[in-house]
Amino acid sequence: MNILVTGGAGFIGSHVVDKLIENGYGVIVVDNLSSGKVENLNRNALFYEQSIEDEEMMERIFSLHRPEYVFHLAAQASVAISVREPARDAKTNIIGSLVLLEKSIKYGVKKFIFSSTGGAIYGENVKVFPTPETEIPHPISPYGIAKYSTEMYLEFFAREYGLKYTVLRYANVYGPRQDPYGEAGVVAIFTERMLRGEEVHIFGDGEYVRDYVYVDDVVRANLLAMEKGDNEVFNIGTGRGTTVNQLFKLLKEITGYDKEPVYKPPRKGDVRKSILDYTKAKEKLGWEPKVSLEEGLKLTVEYFRKTLE
């Protein structure tokens, strides 16, 4: 069975690819390497260095390989970039997704598994924490708007063409291979800077609350979605909130960092608080997080120590 993974050279996508190949599937990776890395690629995957926005190339790939499942993880993933360049964000996150959806219909894909966002989609006016999927999304960044738009398009393609899908709304995913040089991925950024003995910057007052979920747990949710949760949306988080200041202290202890953080002005588009209720995923996917934040941070620091040796 052939499976297409977009963004398969990226942080989460490469872990999904590894697990699919470990389970015996044939995997085709599409990644333009704008944020993904060649060294993340599984050597047993077939790799195309292409953009999902390129309709002609996507046509060729779908017609040649006829994937039965599509895991769509390719994205412009920075909230800050989406605020500065909303058209660029929409081109990748909306238009690119539509190209994939149209090809999925044309070539009879059995199921489309979409990596969405729980962190950016619900917005600022959330009343319930941890937040369930019944909360109506009010995204405040173009990134969140684009992800929610794709969810709406999935509903349309399911209704109009019978496409099966599952939407996974991730909390803040962290772990090995996360990019420490971008604007997203605070765990990787903090870890790398601490291990190098460099300044660590905290935007705002450090009391922004996030739900941190380890990448292996996220991969498990993706594979469970192959057989379960048709045409539904699921939060993939831990139900536990951690402030940036608390995260800094935990990583400081694990790494042995001896400096205090440097506080910078808050970033536009960042929500103040995000914690996800994963009850629905537990009931319908049989999923729940297994890796605690403390354990996951230790594993992540261990990985970054090795890469810096």
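The values are calculated or read from the model by the stated rules, or taken from the named source; none is laboratory data. Because the structure is predicted, anything quoted here is derived from the model rather than measured. Cβ: placed from backbone, ideal geometry, glycine included. Neighbour counts: every protein chain shown. What goes into the accessible areas is simple: the full protein's heavy atoms, side chains included, and nothing from ligands, DNA or RNA. Shrake-Rupley method; radii C 1.70, N 1.55, O 1.52, S 1.80 Å.
So which lysines pass the test for LYS259, namely a Cα distance under 30 Å, with those fewer than 8 places away in the same chain ruled out?
Candidates past the 8-residue exclusion: LYS249, LYS268, LYS273, LYS298, LYS306.
For LYS298 and TYR181 in one chain, what is 0.36 nm times their gap in residues minus the Cα-Cα distance, to one decimal in nm?
40.1 nm
As I understand it, the dipole of the stretch 197-304 uses +1 on the Cβ of Lys and Arg and -1 on the Cβ of Asp and Glu, about the Cα centre. Which of VAL244, TRP287, GLY269 lies farthest toward its positive end?
Comparing the listed Cα positions along the dipole, GLY269 ranks first.
For LYS290, go through the aspartates and glutamates and keep the ones whose alpha-carbon is under 13 Å away, minus same-chain ones fewer than eight residues off.
ASP216, ASP217
What FRET efficiency comes out for LYS282 versus GLU56 if R0 is 35 angstrom and r is the Cβ-Cβ distance? Round to the nearest 0.05.
The computed FRET efficiency comes out at 0.25.
Along its principal axes, what span do the Cα atoms of the chain show, with the longest given first and each in whole Å?
56, 45, 38
For ARG210, ARG267, ARG240, ARG159, give me the order by solvent-accessible area with a 1.4 Å probe, most accessible first, ignoring ligands, DNA and RNA.
ARG159, ARG240, ARG267, ARG210
How much length is gained if the chain between GLU124 and GLU85 is pulled fully straight, taking 0.36 nm per residue apart and subtracting their Cα-Cα distance, in nm to one decimal?
Gain in length upon complete extension: 11.9 nm.
What percent do you get for the relative contact order of the chain when only Cα pairs under 8 Å and 6+ apart count?
This gives 18 percent for the chain.
With a 10 Å radius around each residue's Cβ, average the other Cβ atoms per peptide and rank 294-305, 127-138, highest first.
Descending mean neighbour count gives 294-305, 127-138.
Under a Cβ-only charge scheme (Lys and Arg +1, Asp and Glu -1), can you give me the dipole magnitude of the stretch 141-193 about the Cα centre, in debye to the nearest 20?
The calculation lands at about 140 debye.
If I take the Cα coordinates of the stretch 255-305 and project them onto the principal axes, what are the three extents in Å, biggest first?
44, 32, 13
Straight-line reach only, C-alpha to C-alpha below 14 angstrom: list the aspartates and glutamates that LYS110 could link to, leaving out same-chain residues fewer than 8 apart.
GLU68, GLU102, GLU227, ASP230
Taking amide H atoms as placed 1.01 Å from N in the peptide plane, list the residues 5 or more away in sequence, or in a different chain, whose amide H sits under 5 Å from that of TYR263.
For TYR263, whose amide H was placed from the backbone, the distant partners under 5 Å are ILE202.
What FRET efficiency would be calculated for the residue pair GLU309, ASN245, taking the C-beta separation as r and a Förster radius of 25 Å, to the nearest 0.05?
0.25
State whether the stretch 76-145 is rounded, prolate or oblate according to the following rule on the C-alpha gyration tensor (a ≥ b ≥ c being the square roots of its eigenvalues): a/c under 1.5 gives rounded; otherwise a/b larger than b/c gives prolate, and the remaining case gives oblate.
oblate
In nanometres, what is the gap between the two model label sites at GLU49 and HIS138, each 7 Å from Cα along Cα-to-Cβ?
About 4.5 nm, to one decimal.
To the nearest 20 Debye, how big is the dipole of the chain about its Cα centre, given +1 on the beta carbon of each Lys and Arg and -1 on that of each Asp and Glu?
It works out to roughly 220 debye.
What are the membrane-span-like helices in the chain by this rule: whole DSSP H runs, Cα extent along the axis at least 20 Å, mean Kyte-Doolittle hydropathy at least -0.5?
Both cut-offs are met by 142-161, 293-308.
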